[in-house]
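What follows is one structure encoded as structure tokens, with my remarks underneath.
Just so it is clear, none of the values below were taken in a lab; they were calculated from the coordinates. Note that the coordinates shown come from a computational prediction; the quantities given were computed from them, not determined experimentally. Cβ coordinates were reconstructed from backbone atoms using ideal geometry, including for glycine residues, and neighbour counts include every protein chain displayed.
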Amino acid sequence: MQVDVSLALLVLLVLLVVAFVVWRLSALAARIDRLHIRIDLARSALDAQLLRRARAAEALATSGLIDPASAIVLARAASNSRNADPGDPVTRGVVESEMSRDLREVFADAEAIAALSEVPEGQELVSDLAAACHQVALSRRFLNDGVGAARLLRAGRLVRWFHLAGHAPMPQTFEMDDQAPPALQPYL
Amino acid sequence: MRVGLVCPYAWDTPGGVAVHIDDLRRALLRLGHEALVLAPADDEEALPDYVTSAGRPISVSSNGSVARINFGPGPAARARRWIKESDLDVLHVHEPAGPSLGILSVWVAEGPIVATWHSSLASSRRELNAAAPMVRSAMEKIRARIAVSEYARASLVEYTGGDAVLIPNGVDCSLYAGDEPLPGRSRGGSTLMFLGRVDEPRKGLQVLLAALPAVAAAVPDVELLVAGPGDAEPVRDALDPALAARVHVLGMVSQDDKARALHSADVYVAPNTGGESFGIILLEAMAAGAPVVASDLEAFQRVLDEGRAGALFANEDPVDLARVLVDLLRDPQRRAALQVAGRARAAQYDWSRVARQVVAVYDSVTPGGEKVFADLSTQLWGRWPVRRVPNPDRGSPDAG
């Protein structure tokens, strides 16, 4: 009789431990899943902002308000950005960085931008581009912040031993030069 | 967009963060958005209709002063109910790093969550580790972090990892736009002004008073307006009687009188010796057209654009302060130039601009139009006994 009681207690204890471990692991898996969703959303936000920036540059290129040489630089940068392969983040990062540099070249002169924004249509285009540049930097920072948190969590022992991340690929940061033209800052 | 703002401190005792949230709320309204507030409150009856109470605050000591916050299952349940009923597009939590309503709201919510660090309630690493898995799990839900100053951003990076975007505090320039002075006063003489707690050494009134004799020797008609709470008797007693007549103590001033006093000042002096992470009062002075002289704290240097929008002196050095003040009081052209530069600088921090930057952050966390909803995994805790207090303002969900 004595044996049975202690055996029952032992079984109960084992069950409790197993339940606790399962609960801990499922909570961890839920955290990883949540971070992956956050990263996916952040990535689509960044995609949308990069597209918006390319559109804003295109609109300025075809507006007839800027000189032809600058227009060609902008149009080419915008078209490269639109044609970049989203599946190849490294090349894409290079293309977007080139666009940032082109934008800084074209919009280096504060006085020229002031003259451009005196035309109502020009002002709209300029502030749209300024907002898009700003948003690209914001979205990229929030994406990389999420990626950092996910990578930190996935580096934990429990996560690796129990394959809590499933088959989801390790999230990667998106690297690019996202510095907006300083002269556009006042039009934000 | 419908935004839910969570204030960690009691709404009925206004402090920096609560004022910031109310200013942000008004700026969001002006941009065509809707904003609701969840905050601890003593008296639920006295709250405006856009504020929902999370319960009575509890006083805890923090950084040598008292913060009135709330935590525990009751406020968590109220936060969850508020989130369920409010149909929010974005949840914007303030100061989530402390043991307060900020972290609770994040804990019970899912979806687009933004948080702002003001750094006044930074937890130590030890406190954070004690509650680590739960706190970290909540922190991971925050999709975008904002810091109001480099100081706040540094403490965020150190304590919780990750990064934040810097969006400074705003100033409502329209409140300071006029030029009406205090009755019987006007700008154009040699009037200095100080605003801040009179008996708080970190505000630095003693540095200014130590510089005053030297300034009076060079500029005989100099006067000083002292505004702010605290016992001013010891201040006057410590002064030479001839000088004491030149010091006018205004005591606590209303918002309108603050603007009038700033419009009466020829130079605004900020002799703070430390502990400032931003310096909103400098922006208010600049918006009111008062040239600013400030100690060379890092935060002040940044607000004054490294000295281009105001004059700086060596911190805690009355001799240097006197030199800068005398130079400026004798040079009306320089004052006029600083006035123009200061107004332009303040305009960069106007709430309309700052709020647009905040909305840009909201936009980047809501690409799919997903709403804020209650996190069911924390429901168990939320069922802890809570005294249900009917909230007449919000009514039933379908009434709103």
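Couple of notes before you dig in:
- Amide H to amide H, with H built 1.01 Å from N, B:Val6 comes under 5 Å of B:Leu38, B:His92, B:Val93, B:His94, counting only residues 5 or more places away or on other chains.
- Lysine-lysine proximity count for the protein assembly as shown, Cα under 19 Å, sequence distance 8 or more or distinct chains: 4
- Counting neighbouring Cβ atoms within 10 Å and putting the fewest first, the residues A:Asp145, B:Asp257 line up as B:Asp257, A:Asp145.
- Taking 7 Å steps out from each Cα toward its Cβ at B:Lys84 and A:Trp161 produces label points 3.8 nm apart.
- Proximal charge balance of A:Ala108 [Cβ under 14 Å; K/R count +1, D/E count -1]: -3
- The calculated FRET efficiency for the pair A:Asp40 and B:Leu166, based on their C-beta separation and a Förster distance of 30 Å, comes to about 0.70.
- For B:Phe313, nonlocal amide neighbours, meaning residues 5 or more places apart or on other chains whose placed amide H falls under 5 Å from its own, are B:Ala294, B:Ser295, B:Asp296.
- Between A:Ala108 and B:Ala218, the FRET efficiency estimated from the beta carbon spacing at R0 = 51 angstrom works out to 0.65.
- In the protein assembly as shown, helices alone account for a calculated mean residue ellipticity at 222 nm of -16500 deg cm²/dmol, with every DSSP H run of four or more residues adding -39,500 (n - 2.57).
- Residues whose amide H falls under 5 Å from that of B:Asp12, counting only those 5 or more places apart or on a different chain, are B:Asp42, with hydrogens built in the peptide plane.
- Order of B:Cys173, A:Cys133 - criterion: other Cβ atoms within 10 Å of each residue's Cβ, fewest first: B:Cys173, A:Cys133
- Selection among A:Ala180, A:Gln123, A:Ile39 by position relative to the dipole of chain A gives A:Ile39 as farthest towards the positive end (Cβ unit charges, Cα centre).
- Virtual spin-label span in nm between A:Asp4 and B:Glu45, 7 Å along Cα→Cβ: 6.6
- Counting, for every residue in A:44-52, the Cβ atoms of other protein chains within 10 Å of its Cβ and taking the mean gives 2.
- Percent of beta bridges antiparallel (DSSP, chain B, rounded to nearest 5): 15
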